[in-house]
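Novice: Questions regarding the structure given below will be posed in turn.
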Amino acid sequence: MKKFLAIVFALIFALSAATSAFAMANTCPYCGDEIVSEKAYNEHVFGKCPVKYPASSKTYKECPYGCGAKYEDNEQYEIHIANCSMKKETTEDKIANFIKNIDFKAIGEKLMGVLAKIDFPALANKVIGLLEKAVVAIIGAVK
């Protein structure tokens with residue numbers, strides 16, 4: 001039993017040492033590429049490694065905003081695209097959001113309030129009077 005425990009502990013120690021050495025070297029366990037940052041390592045190991053993810057076996061959609069995220073599942077891809085932190089709002093998006101946030105009901109209510117204050121019969125009489133004067137002036141100029 002003691003020999004068995006000694007072998008188990010030796011294996012655990014060896015695996016721990018190998019894991020520590022790997023973590024410090026930032027080397028991909030699949031293709032052996034050295035990677036300089038933790039973010040780049042995670043992106044490589046969990047989506048870009050050509051050995052782990054051969055191009056012929058799966059199709060990935062990559063985030064168009066440049067964050068490096070790749071998705072095989074279309075639903076997860078769409079969720080990411082909607083929430084990507086590197087997404088920059090386009091002019092079309094800004095216009096769409098502006099229009100979406102307009103309170104047309106409030107604008108309509110204000111417009112109806114303004115129109116209700118206008119004395120249309122008096123306005124019509126003023127317009128007709130101006131038109132009569134214009135016609136008289138034109139006829140006088142033509143004679």
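Values in this text are rule-based calculations from the coordinates and carry no lab data. Please read these numbers as outputs of a predicted model, since none were measured by experiment. Quick reminder, even Gly has a Cβ in these numbers, built from the backbone with ideal geometry, and neighbours come from all protein chains shown.
Novice: Above 24 Å lies some portion of the pair distances; for segment 43-143, what is it as a whole percent of all C-alpha pairs?
Specialist: More than 24 Å apart: 63 percent of the Cα pairs in segment 43-143.
Novice: I've got another one for you. Along the Cα→Cβ direction, 7 angstrom out, place labels at N74 and N125. What is the inter-label distance in nm?
Specialist: Once both label points are built, they end up 6.8 nm from each other.
Novice: Let me ask something else about it. At 4 °C and 1.567 mPa s, grab the translational diffusion coefficient of segment 96-143 from Stokes-Einstein with a Kirkwood Rh over Cα pairs, rounded to a whole number in µm² per second.
Specialist: Translational diffusion coefficient: 91 µm²/s.
Novice: Strictly greater than 19 Å: what percent of every Cα pair in segment 70-128 meets that?
Specialist: Here the long-distance tail beyond 19 Å is 64 percent of all Cα pairs in segment 70-128.
Novice: On a C-alpha basis, how far is the centre of segment 95-113 from the centre of segment 119-143 in Å? Whole number, if you could?
Specialist: Taking the Cα centre of segment 119-143 as reference, the centre of segment 95-113 is 37 Å away.
Novice: Please find the FRET efficiency linking I107 to N26, where r is the Cβ-Cβ separation and R0 is fixed at 41 Å, and quote it to the nearest 0.05.
Specialist: 0.10
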